[in-house]
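Encoded as structure tokens, the structure appears first; notes follow it.
The values are calculated or read from the model by the stated rules, or taken from the named source; none is laboratory data. Worth saying up front: this structure is predicted, and the values here are computed from it rather than measured. Using ideal geometry, Cβ is built from the backbone for each residue, glycine included, and neighbour counts are taken over all protein chains shown. Just the protein is used for accessible areas: all its heavy atoms, side chains included, with ligands, DNA and RNA removed. Shrake-Rupley method; radii C 1.70, N 1.55, O 1.52, S 1.80 Å.
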Amino acid sequence: MATRKIDDQIRDYYAQQRPSPDAVNRLKQIIRVGMPARRASRRSWMVVAAGLMIAAVTLLWTAAHRVTQSPQQVTASIARQAAVGHNEKQEVEFRVRECAELQAKMRSLDFTPVEPSMMQHMNMRIVGARYTTLGGEIAAQIVYVDANGVPCTLYEVRPVEQLARIAPGEHQIDGVRVSVWKEKGLVMILARPMA
Amino acid sequence: MTRALDAGRHEREMPEGIDGLLESGYRYAFSLVHDAAAAEDLVQDACLSILAAGAAWERRYLFATIRNRFIDGYRKNRKILFLSLERDEESREGEPADPNWEAPDFLQSGLLERALASLRAQERETLYLAVVEGYTAEEIAELTSRPRGTILSLLHRTKAKLCDVLGRDRKVL
């Protein structure tokens, strides 16, 4: 049976989709004739000016808020995301036996997933991983189990944008202990149940 | 009366490359709605918006306008349009080893059409922009106002979902 690359088939499928000649003529007619010319009233200028003012204030407030977020605030927010993700216990997308397999499978990441030294010391065994996002950045959500079979969730993400300001530390959120640290050029976040 | 109406309008020169732009806009709209008539309506609405704003006939602007009109239409109908991707987690069994895998001719058999129809609007849109338009993750992120990381994971999941659906349909047939 003849095979073809799936992307080529998708391209060909969309290349077959065309607007009807009637629709094209109608659209061209609309463009040619244009909209009835309207003169902006003084009131509409005031509405536009007010809108621009609100937009500028919102933009400034958002920028100021982002800049003034302390490392502790950034870390608390990321730690909460990690705790929620751990408690949700989502299915993994890749089942693996060792971290090296992840490096081959998770090709959409913009970094290489690595095993932190802590996991070896804690006698943790890798089970699988999935893609996720933390702070707007693509991240690896890696599931480990300890010697008793208790699952722990390790997140790895590049320290860019707000994640560059993350502060190492321990957090206790919703019954989950969340450890945050930097290692091998990545931000590591480990979420595990509290004893 | 006719003269009075005509007085309010003025004939414009047809923008250069408008045929290609309209076709491209139609295909992008089709990727969102997956319905020919709805895609034509969406492009027409977008053209009217561009004319009303006096904006330039540029691909980026047309795509952004089509997208905004699409979202407006859904809001009016109070439908849920784009689900949060932070919690959008569907594991797929049919994980393709190669994101651009060799496959039987699903286009001729009509299976590709069915599989694309089963995707959500945001999945089809991302797939279309990446595969057909050749947009980078950054460009899609800019157009759709989503983080780049979200686009990368969405694209990965959409490919996996497509592979899964195509595999399943093939078994049924």
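Points to keep in mind about this one:
- Per-residue mean of C-beta atoms belonging to partner chains within 10 Å, peptide A:14-25: 6
- Greater than 22 Å apart at Cα, pairs in A:Lys184/B:Lys161; A:Lys105/B:Lys159; A:Lys182/B:Lys161: A:Lys184/B:Lys161; A:Lys182/B:Lys161
- Local net charge near B:Arg60, Cβ-Cβ under 12 Å (Lys/Arg +1, Asp/Glu -1): -2
- Using θ = phi - 60° in the Karplus curve 6.51 cos²θ - 1.76 cosθ + 1.60, the 3J(HN,Hα) couplings for the stretch A:76-86 round to 4, 5, 5, 4, 5, 4, 5, 5, 4, x, 5 Hz; x is entered for Gly and Pro.
- A simple spin-label model places the labels of A:Gln172 and A:Gln29 7.3 nm from each other, with each point 7 Å out along Cα-to-Cβ.
- Taking the 1.4 Å solvent-accessible surface of chain A as the whole, the part contributed by carbon and sulfur is 55%.
- Protein accessible surface hidden between B and A, which excludes ligands and nucleic acids, total in Å², probe 1.4 Å: 5200
- Gained length - A:Lys182 relative to A:Val150, 0.36 nm times residue gap less alpha-carbon distance: 9.1 nm
- Inter-label distance, nm, simple model (7 Å from Cα along the C-beta direction), A:Ala50/A:Met194: 5.0
- Separation of alpha-carbon centers, the stretch A:97-149 and the stretch B:24-38, rounded to whole Å: 39
- For a modelled paramagnetic label at A:His121, 7 Å from Cα along Cα-to-Cβ, the residues of the stretch A:171-193 in reach, with backbone nitrogen under 19 Å, are A:171, A:177-193.
- Secondary-structure-derived ellipticity at 222 nm for chain A, considering helices only, amounts to -13000 deg cm²/dmol, per-run term -39500 (n - 2.57) for DSSP H runs with n ≥ 4.
- The residues of the stretch A:115-195 have, on average, 41 Å² of accessible surface per residue, using a 1.4 Å probe with all protein chains present.
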